[in-house]
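The values are calculated or read from the model by the stated rules, or taken from the named source; none is laboratory data. Please read all numbers here as calculations on a predicted model, not as lab measurements. Neighbour counts run over all protein chains shown; Cβ positions are idealised from the backbone, glycine included. Areas reflect the complete protein model, heavy atoms only, side chains present, ligands, DNA and RNA absent. Shrake-Rupley method; radii C 1.70, N 1.55, O 1.52, S 1.80 Å.
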Amino acid sequence: MSKLMFTAALLLVSSSTRGRGGTAAFQLYRRSSSTASAFVNARTTHHQRLSPGIIPKSTASSTSSPLSASLRDLLEGGSTRSSSSMTKAADEAKSPPAQAAAAAVENVVETTLPIKETPTQPVKKSTSNSIISISDSYDSGNGEFVSFNIADGEEDYTDVIVHVNIKPDPFTLLEQKSYFQSFSFRASINFNSPAIRGIFCDKKSIKVKYVVDNAHQASYADAWNGATVFATEKSTPYDAESWHRTSDTNYEKGVLSWTHVHDLDGESSSAYFAYFPPYSYERHLGLIAQCAESEGARVFSLGQTVSGREIDCVKVGTGPRKCWIIHRQHPGESMASFYAEGLLNTLLALDDKWDNVSEKARELFTFYIVPNINPDGSANGYLRTNAAGSNLNREWCPSPSPPAADGSSTSEMYEAPTLHRSPEVYYLLKHMDETGCDAFLDIHGDEALPFNFLAGSQGMSVWGKRLESLHGAFLASYERANEDMQAKVSYDPEKPNEGMKNICSNQIAERFDCFAATLEMPFKECWGRPAGWGPERAGQLGASVLDALCYVQPYLRDKGDFWEGLPDKDAYVAPSSEY
């Protein structure tokens, strides 16, 4: 970068006023910073910044001299400007204020402290002069810094715009795609940024607009409509009660955006943002430890994941009917973990609150509860895959192989589950074959539909009046126990005998001729219900499933026409995705 460019950048960044000239030049300073090794000669990670003493306070106050349009044109346009404009700008750079600024630059270079080198891996991260530092280097984090700019003249009075991207899952061999949708990242004020020291030095807070640039390429882009991003100002993203929805989330022209006000002189300079509040692996292990210490529970591992984590299973109860409930096949659906926590808290009275329903459930059932079948994907911040890039909810039996690279079909089968690609499903299914199964629930979250709902096994050959009646009675009882559940809206049922056998609940229904369903919870607010859908109510929904299971337990293996004795309110309701 030339001395002229340094002079212009420092003059504008040092200015304590926020005019259009200052904005334009600062943007150029940002774009040119990669070559400005004399201005900032250290590379930095998200958590390692330059010393707070880099720019002397006197410099910021003594060089706040405005630049002419000529010099600003030179900065913004470079060689595309006229020669007369460039000459005029060059003359201006020779002025006493400009020369004083150049001397200040040399002073800055001398006082810059050496910083530890960045990792050798090509990690996209916020630059040292970025106003906001973006980090996803924590359990379940996913969010990549793209760029930032000063938002001069924005109608909503935004000060800064920060652009991020969501990182994709590993490529799935069977489905031939890389999923992405869920995200979670930390945004912190970089107090060493020249703009914070200059343009915004007299402000107590700044309003930042966050923009997800690749939202239109997400796996379920239409689902952004009506979505609301979660935020928390806590120092940790794992305080579930601290999260709140942002009121101005907007999806327009292919980008997702929202705003947040960061304090510059308080404790709220950092914030976390997420599609849904994350549930950490540490919290999962804590839950497992509580269960292991609880009387009447036995914790064991079904096997290990691709990355070597244990697939924890909690066995509870002594009843004759075997009920399996699994969670987090799709790791980005963190509400499933809060559901599991609510279920186990109630079933084992981990919160020291005993009730008759949980006691009855332990007498009627032997439960096998898997709180997180995909801990690898959860920790890595993936949406739908495990560490090997497998969508576990398509790994429950062999499937036709995907087309070859040239588009031609093949007669070979895609083998599943396998120990190298989907050990999570392999070990789970192996244990289920040993224990048997009378009732099964697979707990998920849905991006598009703003409802809690149940997806049944209508497309399987075993579906008939018996399973239809069990589905209807279970769901009707669930609605009575928890108003967040409803029956009318769900995925459109598969046609008879055309169900996908490699989907978990379909395979279990067919394999064990039992009531099996996928329970979905929304990322969005619950339609027609009071605002506030989030981790707490997901936990409550998990607790109240015991009422519904106890209600249908007598009929699970009833070979008679039991539905004839059920009340009309328990009748099956054919669902639809329309609402």
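Relative contact order for region 305-437: 32 percent, from Cα pairs under 8 Å spaced at least 6 residues apart, divided by residue count. In region 422-579, taking the dipole from charged Cβ atoms about the Cα centre, the farthest positive-side position among L441, Y491, C550 is held by C550.
Percent of alpha carbon pairs in region 375-429 separated by more than 19 Å? Can you show the working numbers first?
Working: 527 of 1485 pairs.
Summing the P(r) of region 375-429 above 19 Å gives 35 percent of all pairs.
Take the solvent-accessible surface of the protein heavy atoms, probe 1.4 Å, and return the percent of it on region 372-484 that carbon and sulfur atoms account for. With neighbouring chains kept in place, the figure for region 372-484 is 49 percent. How would region 317-362 be classified by its alpha-carbon gyration tensor: rounded, prolate or oblate, with rounded meaning a/c under 1.5 and the a/b versus b/c comparison settling the rest? Oblate, since a/c reaches 1.5 and b/c is not below a/b.
Compute, for region 497-579, the length of the dipole vector about the Cα centre, with Cβ point charges of +1 (Lys, Arg) and -1 (Asp, Glu) only. Units Debye, rounded to 20. Walk me through the intermediate numbers first.
Working: 8 positive and 13 negative charges, 58 e Å.
Here region 497-579 has a charge dipole of around 280 debye.
Name the shape class, rounded, prolate or oblate, that the alpha-carbon gyration tensor gives for region 219-285, where a ≥ b ≥ c are the square roots of its eigenvalues, rounded holds for a/c under 1.5, and otherwise prolate holds if a/b is larger than b/c and oblate otherwise. Display every interim value, and only then the final one.
On the way: a/c = 2.81, a/b = 1.25, b/c = 2.26.
It comes out oblate by the Cα gyration axes.
Note down the relative contact order for region 120-276 as a percent, whole number, built from C-alpha pairs under 8 angstrom at least six residues apart.
Numbers: 331 pairs, mean separation 37.6, N = 157.
Answer for region 120-276 is 24 percent.
Using the 1.4 Å probe convention, the accessible area of region 337-385 works out to 31 Å² per residue with neighbouring protein chains retained. About its Cα centre, region 472-543 has a charge dipole of approximately 40 debye under the convention of +1 per Lys or Arg Cβ and -1 per Asp or Glu Cβ, with nothing else charged. Once Rg and the Kirkwood radius are both taken over the C-alpha atoms of region 429-578, their ratio Rg/Rh works out to 0.95.
Any number yet on Rg/Rh for region 470-551, C-alpha, Kirkwood?
Details: Rg = 14.1 Å, Rh = 14.2 Å.
So for region 470-551, dividing Rg by the Kirkwood Rh gives 0.99.
Shape analysis of region 174-309 places it in the oblate category; the axes a ≥ b ≥ c from the Cα gyration tensor give an a/c of at least 1.5, with a/b not above b/c. Place +1 on the Cβ of every Lys and Arg and -1 on the Cβ of every Asp and Glu in region 197-277, take the dipole about the Cα centre, and give the residue among Y275, A223, H262 whose Cα lies farthest towards its positive end. It is H262, whose Cα lies furthest towards the positive end.
What whole-number distance in Å separates the alpha-carbon centres of region 526-579 and region 380-431? If you average the Cα positions of each part, the centres end up 31 Å apart.
Here the dipole of region 158-293 is about 320 debye; that uses its Cα centre as origin and unit charges on the Cβ of Lys and Arg (positive) and Asp and Glu (negative). Per residue, the accessible area of region 179-218 comes to 31 Å², computed with a 1.4 Å probe over protein heavy atoms only.
Sequence gap at least 6, Cα distance under 8 Å: using those rules, report the relative contact order of region 207-309 to the nearest whole percent. Taking the mean separation of contacting Cα pairs over the length of region 207-309, I get 29 percent.
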